[in-house]
Amino acid sequence: MNLMRAKDIKDDPVMKDVVYNGEYVYILEVDDETQKATVRYKKESEDTFEVDVTELSEEE
């Protein structure tokens with residue numbers, strides 16, 4: 001995924017299916033400078049972590 005799409009998904013009120021390492025994640029923040037996204041897994045997790053936006057993929 002590219003930086004602009006990650007930002008679009010984060011700002012969209014309609015939840016999109018985003019996958020990281022085979023698991024669905026929520027995008028919480030996107031950092032322009034580092035090109036990293038702060039995410040958390042959808043399934044019962046409050047833990048957040050940073051990943052390169054290029055490691056995220058969107059399911060259609």
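Rule-based calculations on the coordinates, nothing more; no lab input. Quick caveat, the model's predicted, so the values are computed rather than measured. When we count neighbours, we look across all protein chains shown, and the Cβ atoms used for this are built from the backbone with ideal geometry, even at glycine.
Over the chain, the pair-distance histogram of Cα-Cα distances with 5 Å bins from zero comes to 4, 22, 36, 26, 11, 1 percent, rounded to whole numbers. Here the Karplus curve 6.51 cos²θ - 1.76 cosθ + 1.60, taken at θ = phi - 60°, turns the phi angles of region 2-7 into couplings of 9, 4, 5, 5, 4, 5 Hz, with x standing for Gly and Pro. May I ask you to derive the relative contact order of the chain, considering only C-alpha pairs under 8 Å and at least 6 residues apart, and to give it as an integer percent? Once divided by the residue count of the chain, the mean separation gives 37 percent.
Phi angles across region 11-20 convert, under the Karplus curve 6.51 cos²θ - 1.76 cosθ + 1.60 with θ = phi - 60°, into 3J(HN,Hα) values of 7, 6, x, 8, 5, 9, 7, 10, 10, 9 Hz, Gly and Pro given as x.
Distances between placed amide hydrogens fall under 5 Å for Glu29 paired with Thr38, all partners being 5 or more residues away or on another chain. Put a dot 7 Å past the Cα of Thr54, heading toward its Cβ, do the same for Lys42, and the two dots end up 2.6 nm apart. Between Leu56, Pro13, Ser45, whose Cα lies farthest towards the positive end of the dipole of region 3-59 when Lys and Arg beta carbons carry +1 and Asp and Glu beta carbons carry -1, centred on the Cα centre? Checking the options against the dipole of region 3-59, the answer is Pro13.
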